[in-house]
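J.: So that we are looking at the same thing, I have put the structure below in structure tokens.
The values are calculated or read from the model by the stated rules, or taken from the named source; none is laboratory data. Here the structure is a predicted model, which is why all the values come from computation and not from measurement. Heads up, the Cβs are rebuilt from the backbone with ideal geometry, glycines too, and the neighbour counts pull from every protein chain shown. We work out accessible area using only protein heavy atoms, side chains counted, and drop any ligands, DNA or RNA first. Shrake-Rupley method; radii C 1.70, N 1.55, O 1.52, S 1.80 Å.
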Amino acid sequence: MSRIKRKYRTIRQEFKNELYAAIRSNPALGMLCIKTYTASRHRDHIHQIWGMSVRYPNFRKEYTEKLIGKCLTGRDEIFHSLYFAAPDLYQKYARKIPEDLAMGDALGVAYRAMKDK
């Protein structure tokens, strides 16, 4: 286990337990976590495509003419989503857990809570 994961172990466990309880009472919050993760992966994919467009000018031309603006992504931070859906969790855990760790925890909790429902 990495040093970073050990550093945030206790607060992440609290976050997961409270998020699990919140998702059990409001399944829409679980879907929000899953959709936020999906938006995050879409944004990563778009960044990879733009990275390719620098090396391949023909690809860039075709991409900008045919696909630009067809795939929209919004904000993809889990704490931004929790700010509106579960403000108490946002206030308690924002800036205390790294965003990427919180995103993975939220996704895992959402899948587990939705399966247990």
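J.: Tell me which residues, restricted to segment 88-106, are within 17 Å of Gly30 (Cβ to Cβ) and not aromatic (Phe, Trp, Tyr).
T.: Asp88, Leu89, Ala102, Met103, Gly104, Asp105, Ala106
J.: Of all residues in segment 64-99, which are modelled with pLDDT of 90 or more and open to solvent by less than 30 Å² (accessible area, probe 1.4 Å)?
T.: Start the filter on segment 64-99 by keeping residues that are modelled with pLDDT of 90 or more, which leaves 78-99.
Hits for segment 64-99 are Ile78, Phe79, Ser81, Leu82, Ala86, Leu89, Tyr93, Ala94, Ile97.
J.: Kindly indicate which of Arg24, Arg41 is in contact (Cβ under 8 Å) with a residue 24 or more places away in the chain, closer than 30 Å to Lys7 by Cβ and not small (Gly, Ala, Ser). Before the answer, list the steps.
T.: Values: Arg41 fails: in contact (Cβ under 8 Å) with a residue 24 or more places away in the chain.
None of the others qualify; the one that does is Arg24.
J.: Restricting attention to segment 100-107, does a residue exist that is open to solvent by 50 Å² or more (accessible area, probe 1.4 Å) and either touching a residue at least 24 places away in the same chain (Cβ under 8 Å) or touching an Asp or Glu at 6+ places or on another chain (Cβ under 9 Å) (or both)?
T.: So the first thing to find is which residues in segment 100-107 are open to solvent by 50 Å² or more (accessible area, probe 1.4 Å), and the list is 100.
Now drop any that are not either touching a residue at least 24 places away in the same chain (Cβ under 8 Å) or touching an Asp or Glu at 6+ places or on another chain (Cβ under 9 Å) (or both), which leaves none.
No, the conditions are met nowhere in segment 100-107.
J.: Looking at segment 80-95, I want the residues that are free of Cβ contacts under 8 Å to residues at least 12 places away in the same chain and have a partner that is surrounded by 17 or more Cβ atoms within 10 Å (Cβ to Cβ) and not polar (S, T, N, Q) with Cβ atoms under 6 Å, at least 6 apart or on another chain. Which pairs are those?
T.: That search, which allows pairs on different chains as well, returns Tyr83/Tyr90; Tyr90/Phe79; Tyr90/Leu82.
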